[in-house]
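Structure, as structure tokens:
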Amino acid sequence: MNRAGFIIIGLALCLVAAEAVADVVAVVSAKNPVTTLSKSQVVDIFLGKTSRFPDGSQAVPIDQVEGSAARDEFYLKFSDKSPAQIKAHWSKIIFTGRGQPPRAVSNSIEMKKFLNENPNAIGYIEQSAVDGSVKVLLSQ
């Protein structure tokens with residue numbers, strides 16, 4: 001196969017891979033009074049720059065596990081940071097004693113369960129997993 005053929009196959013695989021990852025949205029429990037957040041507010045909560053919602057209530061960020069497609073997409077879309085940059089960010093915060101990374105759950109189903117049990121938590125799930133148990137605060 002010639003070089004052009006490999007390029008075409010590579011581009012096709014990239015398109016398929018991009019299509020495989022669903023849109024990720026920032027969510028809270030349906031019980032949480034917060035109705036919307038800006039992109040910068042969501043990012044500040046997840047990067048440990050703030051621990052409060054705009055109304056002053058506690059905001060507890062919950063990640064999905066490292067290496068999950070939802071986590072990678074969330075940080076790329078919302079903070080413009082790669083998985084390696086996020087890992088470096090938290091390594092620095094931990095080393096300087098200024099904080100700990102968010103607790104992580106294994107998938108969107110576990111995220112919704114955790115949010116339902118902890119109304120002050122904020123997380124992210126695939127748009128297709130949104131149901132009445134959660135409230136979408138921000139989509140990209």
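The values are calculated or read from the model by the stated rules, or taken from the named source; none is laboratory data. No experiment lies behind these values; they were computed from the predicted model shown. Here the Cβ is made from the backbone with ideal geometry for all residues, glycine too, and neighbour counts use every protein chain on show. Note: accessible area is taken over every heavy atom of the protein model, side chains too, but ligands, DNA and RNA are not part of it. Shrake-Rupley method; radii C 1.70, N 1.55, O 1.52, S 1.80 Å.
Numbers for the structure displayed
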{"read-out": "Residue list for segment 117-138, restricted to those being in contact with a helix residue (DSSP H, G or I) (Cβ under 8 Å, 6 or more places away or on another chain), farther than 17 Å from PHE53 by Cα and not hydrophobic (A, V, I, L, M, F, W, C)", "value": "GLU126, ASP131, SER133"}
{"read-out": "Residues of segment 87-107 classified as open to solvent by less than 70 Å² (accessible area, probe 1.4 Å), without any contact (Cβ under 8 Å) to a residue 24 or more places away in the chain and aliphatic (A, V, I, L, M), total", "value": "1"}
{"read-out": "Residue identified as touching a residue at least 24 places away in the same chain (Cβ under 8 Å) and surrounded by 18 or more Cβ atoms within 10 Å (Cβ to Cβ) among SER79, SER139, SER68", "value": "SER79"}
{"read-out": "Residue ID - farthest from the chain's Cα centre (by Cα), chosen from residues in segment 120-136 that are open to solvent by 30 Å² or more (accessible area, probe 1.4 Å) and aliphatic (A, V, I, L, M)", "value": "VAL130"}
{"read-out": "From the options ASN2, ASN32, residue that is of a type outside the set (A, V, I, L, M, F, W, C), more than 17 Å from the chain's Cα centre (by Cα) and modelled with pLDDT of 95 or more", "value": "ASN32"}
{"read-out": "Answer from GLU117, GLU110 - the residue that is surrounded by 14 or more Cβ atoms within 10 Å (Cβ to Cβ) and not small (Gly, Ala, Ser)", "value": "GLU110"}
{"read-out": "Number of the exception - GLU73 against (1) closer than 22 Å to LEU37 by Cα; (2) part of a loop (DSSP other than H, G, I, E, B)", "value": "(2)"}
{"read-out": "Sole exception among (1) among the β-branched types (Val, Ile, Thr); (2) farther than 24 Å from PHE95 by Cβ; (3) open to solvent by 10 Å² or more (accessible area, probe 1.4 Å) for VAL42, by number", "value": "(3)"}
{"read-out": "Tally, over segment 45-65, of residues that are open to solvent by 60 Å² or more (accessible area, probe 1.4 Å) and in contact (Cβ under 8 Å) with a residue 60 or more places away in the chain", "value": "1"}
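Yes/no matrix, rows are residues, columns are (1) in contact with a Leu (Cβ under 9 Å, 6 or more places away or on another chain); (2) of a type in the set (Val, Ile, Thr):
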{"site": "PHE53", "(1), (2)": "yes, no"}
{"site": "SER57", "(1), (2)": "no, no"}
{"site": "ILE62", "(1), (2)": "yes, yes"}
{"site": "GLY67", "(1), (2)": "no, no"}
{"site": "PHE74", "(1), (2)": "no, no"}
{"site": "PRO83", "(1), (2)": "yes, no"}
{"site": "ALA88", "(1), (2)": "no, no"}
{"site": "SER91", "(1), (2)": "no, no"}
{"site": "PHE95", "(1), (2)": "no, no"}
